[in-house]
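Novice: Here it is: the structure, laid out below.
The values are calculated or read from the model by the stated rules, or taken from the named source; none is laboratory data. Please read these numbers as outputs of a predicted model, since none were measured by experiment. Positions of Cβ are generated from backbone atoms using ideal geometry, with glycine treated the same way; all protein chains shown enter the neighbour counts. We work out accessible area using only protein heavy atoms, side chains counted, and drop any ligands, DNA or RNA first. Shrake-Rupley method; radii C 1.70, N 1.55, O 1.52, S 1.80 Å.
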Amino acid sequence: AVSWDPAGNRTELGSLPGLPSSLANGINDSGAIVGFAFTNDFLSSRAFVWHEGSGMQPLADLGGSASLAQSIHASGTIVGWADDALGAIHAVRWDASGQITDLNPPGAVSQALGINDKGDIVGWVFAADASAAHAWLWRHDGVQIDLQTLGGASSQAFAVNNALAVVGVSDRRVGQPIAFVWKPATGM
């Protein structure tokens, strides 16, 4: 994992013990960077946060062999996913102190992919009784919203802004994905 400053100077972020490779996925305005370190065979990974003063630090996990930090907001809350001891993927949130919260609905698999500065989180959930994953919104007040699709089976949300506009991709029909924007007033 590396970062570049505005002048084009590159900083190598390093890796974690036993995990020789790393990738950076997100950065906030204060320069905190998130991503994951992993084995070269991709069988094990660990989410990290990097700060200029302290370097790369591992984030808590759910007892499985893989986790990934995807995005970080201005106050340092991080979102991503971690697998549990059985290998099921759960959307998670880490607060600024590194404390992990499992966002996964019961019986589902999920990933959190984006967060706004209010703490609203987006990603996808494959519910236990569903046939495909749907774009999902975890509101900062605890409300969860299935954003549905554009008529096809599946969708994923990748980012959300402070006005609660969500962007992602959805199937219209099988094999026909298209970009979408979702807003509370108009839907997808």
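Novice: Of (1) in contact with a strand residue (DSSP E or B) (Cβ under 8 Å, 6 or more places away or on another chain); (2) closer than 23 Å to Asn161 by Cα, Trp4 satisfies all except one. Which?
Specialist: Among (1) in contact with a strand residue (DSSP E or B) (Cβ under 8 Å, 6 or more places away or on another chain); (2) closer than 23 Å to Asn161 by Cα, the lone unmet condition for Trp4 is (2).
Novice: If the requirement is being touching a Leu at 6+ places or on another chain (Cβ under 8 Å) and free of Cβ contacts under 8 Å to residues at least 60 places away in the same chain, which of these qualifies: Gly119, Gly142, Gly123?
Specialist: Gly123
Novice: Looking at Gly35, Gly31, can you tell me which residue is closer than 23 Å to Ile115 by Cβ, loosely packed, with under 14 Cβ neighbours inside 10 Å and small (Gly, Ala, Ser)?
Specialist: Answer to the selection: Gly31.
Novice: Now a separate question. Identify, please: which residue in the stretch 133-188 is charged (D, E, K, R) and at pLDDT 95 or above and is, among those, surrounded by the fewest Cβ atoms within 10 Å (Cβ to Cβ)?
Specialist: My answer is Asp141.
Novice: Give the stretch 73-98 a look and list any residue that's more than 17 Å from Asp141 (Cα to Cα), in contact with a strand residue (DSSP E or B) (Cβ under 9 Å, 6 or more places away or on another chain), assigned to a loop (DSSP other than H, G, I, E, B) and open to solvent by 40 Å² or more (accessible area, probe 1.4 Å), or say none.
Specialist: Answer for the stretch 73-98, where residues must be more than 17 Å from Asp141 (Cα to Cα), in contact with a strand residue (DSSP E or B) (Cβ under 9 Å, 6 or more places away or on another chain), assigned to a loop (DSSP other than H, G, I, E, B) and open to solvent by 40 Å² or more (accessible area, probe 1.4 Å): Ala85, Leu86, Gly87, Ala96.
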